[in-house]
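Read through the structure below, which is laid out as structure tokens, and then see the notes.
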Amino acid sequence: MLSKDLIRLNLDVKNREDAIRTLAEDFVKAGVVKESFVDAVLEREKKSPTALPAVAYDVAIPHTVSAHVLTPAMNVAVLKHPVEFQQMGSPDITLHPQVLFMLAISDPKDQLTLLRRIMKMLQNKELLNRIRDAKTKDEIYDLLKPVVEE
Amino acid sequence: MATKIRILSICGSGVVTSSMVASKLKDLFEEKGYDAETVEANSSEVESCCSRQQFDLIAYASPINDNCGIPAFNAIGLITGMGEDEFMEEAIAALHKAGK
């Protein structure tokens with residue numbers, strides 16, 4: 001679901017595509033998605049962007065359809081410098097996410113509790129700030145364990 | 001007796017975000033005395049969904065071309081938590097207008 005291999009601190013990326021590709025390839029390496037997930041999630045972000053003006057700072061939640069997913073998972077990247085993403089639902093608005101949460105959802109009905117917890121996390125200013133300011137992967141892992149645990 | 005309403009929840013893939021929005025809407029409408037049934041779909045499926053079933057509202061997290069004459073509202077505020085009250089006020093005003 002979430003492992004320390006799926007957490008990136010201080011991720012230095014040039015742009016949106018670079019960021020998404022890095023996280024998607026981490027998912028492939030972890031064996032939670034098919035290789036086709038990488039192109040699918042990049043394509044989906046172009047067509048339907050996923051950045052959100054969250055309560056603490058901008059975030060993005062790149063994801064795609066379940067066909068490319070093997071096991072439900074989430075990964076987290078705290079970016080060294082924010083990169084440009086377009087806002088979900090309003091592609092003409094540019095946001096600058098500081099943290100990315102990539103989602104691999106294999107069955108939204110089955111993983112509804114997880115999705116609800118993720119939404120709650122996105123509305124929790126203190127938690128978001130602690131994730132962004134974390135010094136170690138362990139710290140992030142501990143903060144997110146209650147979100148992703150069964 | 002709760003008033004039954006049907007909401008079409010739209011996002012880019014018709015899966016992840018629309019499910020988050022749908023579950024949130026069920027809770028919020030329950031508090032307001034409605035029994036909300038939701039259908040999740042992607043933005044290119046709006047017309048076909050509306051031709052198959054009657055909907056009272058559309059909540060979209062991905063832009064839609066055509067609302068098929070159904071009151072449609074941007075659902076991003078439901079995900080970020082900011083703008084939740086405004087969403088509900090407008091949605092309920094639209095339901096009242098339709099006699100629900």
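List of remarks:
- Every residue from region A:21-60 that is more than 14 Å from chain B (Cβ to nearest Cβ) and closer than 29 Å to B:Gly81 by Cα: A:Arg21, A:Thr22, A:Leu23, A:Ala24, A:Phe27
- Verdict on A:Asp92 being free of Cβ contacts under 8 Å to residues at least 40 places away in the same chain and among the acidic types (Asp, Glu): yes
- Residues (facing another protein chain (nearest Cβ under 10 Å) and surrounded by fewer than 18 Cβ atoms within 10 Å (Cβ to Cβ)) located in region B:52-73: B:Pro63
- One residue stands out among those in region A:10-49 that are among the basic types (Lys, Arg) and surrounded by fewer than 19 Cβ atoms within 10 Å (Cβ to Cβ): the one that is farthest from A:Asn75 (Cα to Cα), which is A:Lys47.
- Residue in region A:88-100 that is within 13 Å of another protein chain (Cβ to nearest Cβ) and of a type in the set (S, T, N, Q) present: yes
- Any hit, region A:134-147, residues being within 11 Å of chain B (Cβ to nearest Cβ), β-branched (Val, Ile, Thr) and buried (at least 18 other Cβ atoms within 10 Å of the Cβ): no
- Apart from one condition, B:Leu78 fits all of (1) more than 14 Å from chain A (Cβ to nearest Cβ); (2) within 14 Å of the chain's Cα centre (by Cα); (3) over 16 Å from B:Ser13 (Cα atoms); the exception is (1).
- Subset of region A:50-81 (residues that are of a type in the set (S, T, N, Q) and surrounded by 23 or more Cβ atoms within 10 Å (Cβ to Cβ)): A:Thr50, A:Thr64, A:Asn75
- A single entry from A:Leu143, A:Leu52, A:Leu42 fulfils the requirement of being without any contact (Cβ under 8 Å) to a residue 40 or more places away in the chain, in contact with an Asp or Glu (Cβ under 9 Å, 6 or more places away or on another chain) and not in a loop (DSSP other than H, G, I, E, B): A:Leu42.
- With respect to the stated conditions, A:Ala67 is in a helix (DSSP H, G or I), of a type in the set (A, V, I, L, M, F, W, C) and more than 15 Å from the chain's Cα centre (by Cα).
- In region A:7-24, the residues that are free of Cβ contacts under 8 Å to residues at least 24 places away in the same chain form Cβ pairs under 8 Å with partners that are of a type outside the set (Phe, Trp, Tyr), at six or more places apart or across chains, as follows: A:Arg21/A:Val38; A:Arg21/A:Leu42.
- Restricting attention to region B:47-75, the residues that are in a loop (DSSP other than H, G, I, E, B) and among the β-branched types (Val, Ile, Thr) total 2.
- Residue match in region A:69-81 (condition: within 14 Å of chain B (Cβ to nearest Cβ), hydroxyl-bearing (Ser, Thr, Tyr) and closer than 25 Å to B:Ser13 by Cα): no
- Unmet requirement for B:Ser44, which otherwise passes all of (1) at pLDDT 95 or above; (2) within 14 Å of chain A (Cβ to nearest Cβ); (3) in a helix (DSSP H, G or I): (1)
- Residue list for region B:5-36, restricted to those being more than 14 Å from chain A (Cβ to nearest Cβ) and either crowded, with 19+ Cβ neighbours inside 10 Å or under 13 Å from the mean Cα position of the chain (by Cα) (or both): B:Ile5, B:Arg6, B:Ile7, B:Leu8, B:Phe29, B:Tyr34, B:Asp35, B:Ala36
- Residues (touching a Pro at 6+ places or on another chain (Cβ under 8 Å) and modelled with pLDDT under 95) located in region A:49-67: A:Ser66
The values are calculated or read from the model by the stated rules, or taken from the named source; none is laboratory data. Predicted model only: the values in this text are computed from it and were never measured. No Cβ is skipped: glycine too gets one built from the backbone with ideal geometry, and neighbour counts run over all protein chains shown.
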